[in-house]
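Below: one structure, written as C-alpha cells.
The values are calculated or read from the model by the stated rules, or taken from the named source; none is laboratory data. Worth saying up front: this structure is predicted, and the values here are computed from it rather than measured. Positions of Cβ are generated from backbone atoms using ideal geometry, with glycine treated the same way; all protein chains shown enter the neighbour counts. All accessible areas refer to the heavy atoms of the entire protein, side chains included, with ligands and DNA or RNA removed. Shrake-Rupley method; radii C 1.70, N 1.55, O 1.52, S 1.80 Å.
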Amino acid sequence: QAYSVYLELFTLEPPFLTLHPRFVLCFVAMKPSQSDRRMGELVCYPVFAVFLWAGYTYCSDGQFSGLLTAGAAVQLLANVLLLARVGCTRKASGISTRSLHLQVVGLVLRLSATCRYRGYTPVDSSGQFLYQGIEALSAVVLLACLFCMHSGRVVPRGSADLEPEWPMSKVLVVCAVLGFFLRPHLNNRVVADTCWSVALWCDTAACLPQILLISKRSAVDGLTAHSMATAFAAKCLTAFFWIAVYDELDARVSWNYPGYAIVIAFISQMIVSVDFMITYFRNIRQHASSITAEVPLQVFDF
C-alpha cells in the first residue's frame, strides 16, 4: 500500500515524462530485481539532463564560470548513482568509506566558504544559490550512502573490500597544513580561504582510497564504475575552469604559488584515476560484458 504513495508522486500523465513504477520500487523495495536496477539507472540520466538544461536556461547567464556549477551538478549525478548502487543492491562492495568521509569533509568546508563569500563561486547568477544548493545536496546524498553502509542495511563486505589502514587524522592534518600555506586569497579572509583550500586537498586525497580499494578486486559493479567515471568528468570540468584562471588567483605575491598548487591538485586527481578511465572506456568501446586489460582493474562486471 505504501508503494501507491510513491507512484502518485512520481508518475505524470502523458504527454509529460512518465517514470515507470519499477523505478520507484527500485529505491524502496528491500530486494529489487536486476530490471528494477537497470530502470533506475537509465532514468537517472535523462532526469539529470532535464535539470541541467533547466539550470542552464533559467539559473545561469552562460558565462565561463558556469563550469563550476556544471561540475558540481555532474558530481551530484555521480553521488546519486553511488546511492542507487547501495540502495538498489544492498551491497557496498568496491566502495570506500574513507573516500566518502573525505568528500563529505571537503563539501562541508567548501560550503562554509562559498555560502558566506563570493570569491570561489561562479560570477553568473548560478553562483547566488544554485551552486551552493547542488553541493549541499551532494553532501546529503553522501551522508545517506554512509548511513546505509554503517547502519547494517547492506550486505557485510568481504575480505576483498577490506580497506588499507589509512591514518585519517594524519591525512586531515596534512590537508589542513597544505590548505593553510597554499591558500589563495580571493575572499581576503583567512578562515574562508583556508576552508576552501583544505576542501580542495581533501577532494584530492579522497581519490586514493577508492582507487586503492578497487585495484584489489577483479570485478567492479557497473553502477560503481559509472559513478567513478561521472565523478572524473566532474573533476575535468572543474579543473578546466581553475587551470584556465590560475594566474588570476593571487596578485599579491610575485610568485603565484596558490595558482600552481591548485593546478597540481587537480592534475593529481586526474592522474590517480587515469588507469581506471582507460579500462572503463575500453569496456564501453568493446560493448562487452567483461574485458581483460593490462591495468590494475582487470574486469568490469557490467
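In the set 81, 76, which member is within 23 Å of residue 240 (Cα to Cα), aliphatic (A, V, I, L, M), touching a Ser or Thr at 6+ places or on another chain (Cβ under 6 Å) and part of a helix (DSSP H, G or I)?
Exactly one residue qualifies, and that residue is 76.
This table checks each residue for (1) surrounded by fewer than 20 Cβ atoms within 10 Å (Cβ to Cβ); (2) out of contact with any helix residue (DSSP H, G or I) (no Cβ under 9 Å at 6 or more places or on another chain).
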{"site": "85", "(1), (2)": "no, no"}
{"site": "90", "(1), (2)": "yes, no"}
{"site": "106", "(1), (2)": "no, no"}
{"site": "110", "(1), (2)": "no, no"}
{"site": "114", "(1), (2)": "no, no"}
{"site": "129", "(1), (2)": "yes, yes"}
{"site": "138", "(1), (2)": "no, no"}
{"site": "146", "(1), (2)": "yes, no"}
{"site": "154", "(1), (2)": "yes, no"}
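With the requirement that a residue be among the aliphatic types (A, V, I, L, M) and modelled with pLDDT of 90 or more, what does the stretch 49-82 give you?
67, 68, 70, 72, 73, 74, 76, 77, 78, 80, 81, 82
Residue by residue, here is whether (1) at pLDDT below 90; (2) open to solvent by less than 20 Å² (accessible area, probe 1.4 Å); (3) basic (Lys, Arg) holds:
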{"site": "184", "(1), (2), (3)": "no, yes, no"}
{"site": "192", "(1), (2), (3)": "no, yes, no"}
{"site": "195", "(1), (2), (3)": "no, no, no"}
{"site": "278", "(1), (2), (3)": "yes, no, no"}
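Among the candidates 102, 111, 107, single out the residue that is modelled with pLDDT of 95 or more and over 26 Å from residue 248 (Cβ atoms).
102
Note down all Cβ pairs under 9 Å where the first residue falls in the stretch 138-152 and is free of Cβ contacts under 8 Å to residues at least 40 places away in the same chain and of a type in the set (S, T, N, Q), the second is open to solvent by 20 Å² or more (accessible area, probe 1.4 Å) and outside any helix (DSSP H, G or I), and they're at least six residues apart or on different chains.
So the pair list comes out empty.
List pairs: first in the stretch 85-110 and outside any helix (DSSP H, G or I), second among the hydroxyl-bearing types (Ser, Thr, Tyr) and crowded, with 21+ Cβ neighbours inside 10 Å, Cβ under 9 Å, 6+ apart or cross-chain?
What qualifies is 93/224; 94/224; 95/224; 95/227.
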